[in-house]
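Below is one structure, written out as structure tokens; the observations come after it.
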Protein chains: 2
Amino acid sequence: MATIAVPRVVPSPAEDAAALLKAFQGWGTDEQAVIGILAHRDATQREQIALEYEHKYGESLVQRLQSELTGDFERAVYHWMLGPAERQAVMANAATECLQEECAVIVEIACANSSAELVAVKKAYHALYRRSLEEDVAARATAGNLRSLLLALVSTYRYDGADSVDMELARSEAKAVHEAVRDGGGAGGHEELIRVVGTRSKAQLRATFGCFKDEHRRSVAKALPRGTDPTGYLRALRAAVRCVADPSKYFAKVLRSATRESAGTDEDSLARVVLLHAEKDDMGAICAAFLKRASCTLEQAVAKETSGDYRSFLLALLGS
Amino acid sequence: MATIAVPRVVPSPAEDAAALLKAFQGWGTDEQAVIGILAHRDATQREQIALEYEHKYGESLVQRLQSELTGDFERAVYHWMLGPAERQAVMANAATECLQEECAVIVEIACANSSAELVAVKKAYHALYRRSLEEDVAARATAGNLRSLLLALVSTYRYDGADSVDMELARSEAKAVHEAVRDGGGAGGHEELIRVVGTRSKAQLRATFGCFKDEHRRSVAKALPRGTDPTGYLRALRAAVRCVADPSKYFAKVLRSATRESAGTDEDSLARVVLLHAEKDDMGAICAAFLKRASCTLEQAVAKETSGDYRSFLLALLGS
């Protein structure tokens, strides 16, 4: 269930474009009006509004929004105005600039999309940057396990039918996973682990992780060594395993860390998860998993940790 | 320019289906009639004939063809009746069964298709085998450079615009290629070489190979060490480099080796190249490159090296 609330009777794109122009005019911007419109339109409607606005007023709506708004709010609205594939391509490209810190962004885009959606993101990446996501990940990561893992995840076109789980294979690959886990972050078994995580279908991987848990009484993510991880590889691997095993739980965990008071709010992760999922079917399950984990609703956490128009915008996307 | 010759006035699918049924009936099969129809219809027309045949006569045309025909001819007609994406998926799947010997099939499918065509092949692979091409290549190849290379080639979604060649990058990556080449088949520099060949756009790679040739006065393919190659890696790498650098010349070379008298005809390679290209625009250029290399036409070579209905069929596909 998506969380954005589109009104039953939606104004025409021309009416919305006119209302936005009005919000931009005069002394200061009427941010609440901007939120009142854009946070309550789906991707197709937003695209039509932008087309109508440009056609009628001879300027780009996105550029005008960027000049009218500021800070986190501006950035969130800019991302929101992109189509789902472009938005992820832009986020992925930014993440390739500092892959070690931002590897989770790449992992999420590679693992939470269906194979067809991932191809759409990669197509959008071609159009925007005239390069492939693969070559940027490969060229900008230092050689080693982190690069092998991220490259495998973004490259692969996984089978995504749920109908073809091979339990014998799951048992044998759970052993390969165990050998790599026991080995820490060393090179040895990790080539096999990366092969498994990077090529098998998600349904098959869930079966493999299930066999691992049955055998070793803890999840693969929990079994991975903690502590020093200078290359970021183990962090990326843990994210990939969690994101494949249970995406709602994974994203709830990302949101929980992002909104935890002690560490200061992680605006990037918060906005990323909300913007990428607010109009997708999985947002309801993410909110439910968050509530279970955090003993407060996601809206409460967001309201507490953010402020101003940015807060109003995120809360509107969450359906408040 | 495709070589198959479709008549100006094409009979209706119903007429073709009836003519095929007639060819199957009576004492023995009228193979010439089968060739006269199927070798002169394009992919869409063949699909319509098969649908019409099944609808009208209550049996699968492909199965009937398989029971009526034999040997190389049967196999070629079977492949021909598949759509272009399915045909390549079937050939790729067979190649994953003996990757070391058949690595060229994987390389060609990965390197000669556009990115969109490769995704179509991988989608067809999912539908046919309920697994991904990536996982079969990864699981069936022994770990090492051959696996890394083949997996990178089939996985990547290359940028395929020709508009974005970075000459500085080409020069620096030509150096990385040179280091790997100097190194032989060892592991060291080959991780970088596989990254370059596996992720960059074909236009960028051609620029890199050009820089290499300017600097070292021979092509990358020629500079790769010859001789013992137990893993098949150098063979696969040479094929990939050649197929990216100049596909027509590469396929002409494959056809030349396949039809050379001394070694006996390599039916698989011959049929593969003819079947995959006869209705594609590049077949004309492949024939021209063959003539230049072999000092006889491809038709002459095929006529000399094959026989019977199989020969008639291949020659019909080549436009004779």
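The values are calculated or read from the model by the stated rules, or taken from the named source; none is laboratory data. These numbers were taken from a predicted model, which means no experiment stands behind them. Note that each Cβ is placed from the backbone with ideal geometry, even for glycine, and that neighbours are counted across all protein chains shown. In case anyone asks, the SASA skips ligands and DNA or RNA and just uses the protein heavy atoms, side chains included. Shrake-Rupley method; radii C 1.70, N 1.55, O 1.52, S 1.80 Å.
Taking the simple approach of a point 7 Å from Cα along Cα-to-Cβ for both residue A:100 and residue A:163, what is their distance in nm?
Modelled inter-label distance: 4.6 nm.
Isolated Cys in chain B by the 4.7 Å beta carbon test?
Within chain B, the cysteines lacking a partner Cβ under 4.7 Å are B:98, B:103, B:211, B:287, B:296.
How many Cβ atoms of partner chains, on average, are near each residue of A:135-146 if near means within 10 Å of its Cβ? All intermediate terms of the calculation are to be shown ahead of the outcome.
Numbers: counts 11, 2, 2, 9, 6, 0, 1, 0, 3, 1, 0, 0.
Per-residue shielding by partner chains comes out at 3.
Other chains' Cβ within 10 Å of B:150-156 residues: what's the mean?
Numbers: counts 0, 7, 5, 0, 3, 9, 11.
Partner Cβ neighbours, averaged per residue: 5.
Using just the helices of chain B, give the 222 nm mean residue ellipticity in deg cm²/dmol: DSSP H runs with n ≥ 4 each add -39,500 (n - 2.57), and the total is spread over all residues, rounded to 500. Write down the numbers at each step before the final one.
Numbers: 20 runs with 226 residues, N = 320.
My calculation for chain B gives -21500 deg cm²/dmol from helical runs alone.
Can you give me the C-alpha center-to-center distance between the stretch A:285-320 and the stretch B:2-40, rounded to a whole angstrom?
66 Å
Take the cross-link list A:122/B:122; B:222/B:280; A:122/B:253; A:202/B:123 and give me the ones stretching past 23 Å between alpha-carbons.
On the way: A:122/B:122 15 Å; B:222/B:280 29 Å; A:122/B:253 33 Å; A:202/B:123 16 Å.
Distance filter (> 23 Å) returns B:222/B:280; A:122/B:253.
Need the list of aspartates and glutamates near residue A:292 for cross-linking: C-alpha distance under 17 angstrom, and skip anything on the same chain fewer than eight residues off.
Leaving aside aspartates and glutamates fewer than 8 places away in the same chain, those within reach of residue A:292 are A:246, A:282.
Quick one: Cα centre-to-centre distance for the stretch B:190-232 and the stretch A:173-248, in angstrom?
Computed from Cα coordinates, the inter-centre distance equals 34 Å.
Just to be sure I follow the definition: excluding the sites themselves, where is the longest run in chain B that has none of the GluC sites (Glu not before Pro) in a DSSP loop with at most 16 other Cβ atoms within 10 Å?
Values: sites that count: B:59, B:97, B:261.
In chain B, the maximal stretch lacking such sites is B:98-260.
Label points 7 Å out from Cα along the Cβ direction at residue B:128 and residue B:266: separation in nm?
So the label points at residue B:128 and residue B:266 sit 2.1 nm apart.
When the expected Rg is taken as 2.2 N^0.38 Å, what fraction or multiple of it is the alpha-carbon Rg of chain B? Don't skip to the answer; put the middle values down first.
Values: Rg = 21.0 Å, N = 320, 2.2 N^0.38 = 19.7 Å.
So chain B has a normalised radius of gyration of 1.07.
Quantify how strongly other chains surround peptide A:122-130 by giving the mean number of their Cβ atoms within 10 Å of each of its Cβ atoms.
On the way: counts 6, 4, 0, 2, 8, 2, 0, 2, 6.
Whole-number average of other-chain Cβ neighbours for A:122-130 is 3.
Return the tail of the calculated pair distribution for the stretch B:13-81, meaning the percent of Cα-Cα pairs more than 13 Å apart. Mind dumping the intermediate values first?
Working: 1407 of 2346 pairs.
Considering the stretch B:13-81, 60 percent of its Cα-Cα pairs are separated by more than 13 Å.
From the backbone phi of the stretch A:211-228, what are the Karplus-calculated ³J(HN,Hα) couplings (6.51 cos²θ - 1.76 cosθ + 1.60, θ = phi - 60°) in whole Hz, Gly and Pro given as x?
For the stretch A:211-228, the Karplus curve yields 4, 4, 5, 4, 6, 10, 6, 8, 6, 4, 4, 6, 7, 5, x, 8, x, 4 Hz.
Using the heavy atoms of the protein chains alone and a 1.4 angstrom probe, what is the accessible area of the protein assembly as shown per residue in square angstrom? Walk me through the intermediate numbers first.
Numbers: 28020 Å² over 640 residues.
Accessible area per residue, the protein assembly as shown: 44 Å².
Could you give me the ³J(HN,Hα) list for the stretch B:66-82, computed from phi with Karplus coefficients 6.51, -1.76, 1.60 and θ = phi - 60°, whole Hz, x at Gly and Pro?
5, 7, 7, 9, 9, x, 4, 4, 4, 5, 5, 5, 4, 4, 5, 6, 7
How large are Rg and Dmax for the protein assembly as shown when calculated on the C-alpha trace, in angstrom?
28.2, 92
If I model a spin label at residue B:114 and residue B:27 as a point 7 Å from the Cα along the Cα→Cβ vector, what separation in nanometres do I get?
Calculated label separation equals 5.2 nm.
What residue among A:283, A:91, A:167 shows peak mean-square fluctuation when chain A is described by a Gaussian network model with Cα springs under 10 Å?
A:167
Given a 1.4 Å probe and no ligands, DNA or RNA in the count, how much accessible surface is buried by A and B, both sides, to the nearest 100 Å²? Could the numbers behind the result be given before it?
Working: alone 15250 and 15290 Å², together 28020 Å².
So the buried area, both faces added, is about 2500 Å².
Given H placed on each backbone N at 1.01 Å, which residues far from residue B:280 in sequence or on other chains put an amide H within less than 5 Å of it?
B:3
Show me, for the stretch B:278-286, the HN-Hα J-couplings you get by feeding each phi into the Karplus relation (A = 6.51, B = -1.76, C = 1.60, θ = phi - 60°), rounded to Hz, glycine and proline as x.
4, 10, 10, 5, 7, 5, x, 5, 5
Which trypsin sites (Lys or Arg not before Pro) in the stretch B:61-168 pass both tests, a DSSP loop state and at most 15 other beta-carbon atoms within 10 Å?
Working: sites: B:64, B:75, B:87, B:122, B:123, B:130, B:131, B:140, B:147, B:158; in loops: B:130, B:131, B:158.
Answer by residue number: B:130.
Regarding the stretch A:69-186, what are the three Cα extents along the principal axes, ordered largest first, in Å?
Here the spans come out as 54, 34, 27 Å, largest first.
Report the accessible area of residue B:265, computed with a 1.4 Å probe over the heavy atoms of all protein chains in place, in Å² rounded to the nearest 10.
Its accessible surface works out to 40 Å², give or take rounding.
Roughly how many percent of the accessible protein surface of the stretch B:247-308 is carbon and sulfur, given a 1.4 Å probe and a whole-percent answer? Can you show the working numbers first?
Working: 1340 of 2750 Å².
After summing per-atom areas, the C and S share lands at 49 percent.
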